[in-house]
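Some notes on the structure that comes next.
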């Protein structure tokens, strides 16, 4: 019997023997594995927006894997209740059938027999409206971060189950980035692949499915213009089995299009410029210019309200709905120079954090600091911090757990006993 531990070895072996791998591992998990997994699924369907119209799918030809581009709480809210932009309700939920958290916990958000509006403008092998012929699975996280091993395990079992139910082989398992396409825009003048970057970090081998298609049928037929980046990921001569997470920070090689796809100019995509300004995507053209976005600008997807970010201006950030530790710290979320201040008063460095999406709401975070250093009569702020003692990046922790920057403290001689100080790391 094939065991789940042998899946990667078998996939690599079959891949080596065949340039186009259409194998399936429907029996990779035991019946006991599947029963235990199904019992563990959280039924979240009662949270579905009442205005969502349930329509039975006539056929199921594909399983589409997504990355949610957010944390668990905001993901569940959006896929169930719908999307809001600038306070206006734009959709009424029903955006996927399953959500898999980063700890592997799986949520059923819509009965799999109904159509979920998850693929949007899409085409695969000439068939359009992929939402009407597919099951959607959202992996909590971003396409430029890692997918956890626990997510892959849950995903692999779920795919096994769905393949058995709908009689699908591995080439029916695709990512949203593979099937989504866009209309002509300022970046590309033809209908094109690459409208979404969703799940372009998906590793098929880790999910227990074969390499799949060796080409994009809609690009080969001439229906769509190719996306070079996606083509290199999914259909290159050497498809990478392990890809490094990318970044949501703009650089000469990482443009707004590379990060956000067709959401680059959406009002729900926010740009944090190096000078601190925060602008939605639909204001970049008029206020900055797409060709003049400075490097170091951070791109944040799926942000419903600008006010969420405003609450976190300055060096002290706050994790709220839609804003995660990864939003603020990126890969530095687990470094010793990142500090978390929990609502219950506990303080931890990034080295003690297992994952960026397991932090409670309203946890505060500072990135790029060392400390804390205790302030005493013998070691006043000026002696500990030097000339930076009253700087806007120097952070003071008070006994009542209040955090203040140096420029907000009026009288340093009246600091209470027990005050601690965090100093920004000097970067070369």
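Quick notes
- As a summary of the residue check, residue 186 satisfies the conditions (1) out of contact with any helix residue (DSSP H, G or I) (no Cβ under 6 Å at 6 or more places or on another chain); (2) surrounded by fewer than 23 Cβ atoms within 10 Å (Cβ to Cβ); (3) more than 19 Å from residue 219 (Cβ to Cβ); (4) modelled with pLDDT of 95 or more except for the one numbered (4).
- Of all residues assigned to the stretch 8-15, at least one qualifies as being on the phi < 0 side of the Ramachandran plot, surrounded by 20 or more Cβ atoms within 10 Å (Cβ to Cβ), under 27 Å from the mean Cα position of the chain (by Cα) and modelled with pLDDT under 95.
- Test: residue in the stretch 179-191 that is outside any loop (DSSP other than H, G, I, E, B), without any contact (Cβ under 8 Å) to a residue 60 or more places away in the chain and within 20 Å of the chain's Cα centre (by Cα): no
- Condition met for residue 158 (more than 25 Å from residue 265 (Cα to Cα), assigned by TED's automatic domain parsing to the domain that holds residue 116 and not in a loop (DSSP other than H, G, I, E, B)): yes
- Scope the stretch 370-416; condition without any contact (Cβ under 8 Å) to a residue 12 or more places away in the chain, in contact with a strand residue (DSSP E or B) (Cβ under 8 Å, 6 or more places away or on another chain) and part of a loop (DSSP other than H, G, I, E, B); matching residues: 379
- Looking across the stretch 46-71, the residues that are over 27 Å from residue 197 (Cα atoms) and not in a strand (DSSP E or B) come down to 46, 47, 50, 51, 53, 54, 55, 58.
- Note on the stretch 369-402: residues that are buried (at least 18 other Cβ atoms within 10 Å of the Cβ) and either at positive phi or out of contact with any helix residue (DSSP H, G or I) (no Cβ under 9 Å at 6 or more places or on another chain) (or both) total 4.
- Among residues of the stretch 142-151, those that are assigned to a helix (DSSP H, G or I) and buried (at least 19 other Cβ atoms within 10 Å of the Cβ), counted: 1
- Enumeration of residues in the stretch 312-352 that are in a loop (DSSP other than H, G, I, E, B) and either under 21 Å from the mean Cα position of the chain (by Cα) or at pLDDT below 90 (or both): 312, 313, 314, 319, 320, 321, 322, 323, 324, 335
- Residue check, residue 215 touching a strand residue (DSSP E or B) at 6+ places or on another chain (Cβ under 8 Å), at pLDDT 95 or above and not in a helix (DSSP H, G or I): no
- Failed criterion for residue 69 (all others in (1) crowded, with 17+ Cβ neighbours inside 10 Å; (2) modelled with pLDDT of 95 or more hold): (2)
The values are calculated or read from the model by the stated rules, or taken from the named source; none is laboratory data. Computed from a predicted model, the values in this text were never measured in an experiment. For neighbour counting, all protein chains shown are included, and Cβ atoms are generated from backbone atoms with ideal geometry for every residue, glycine included.
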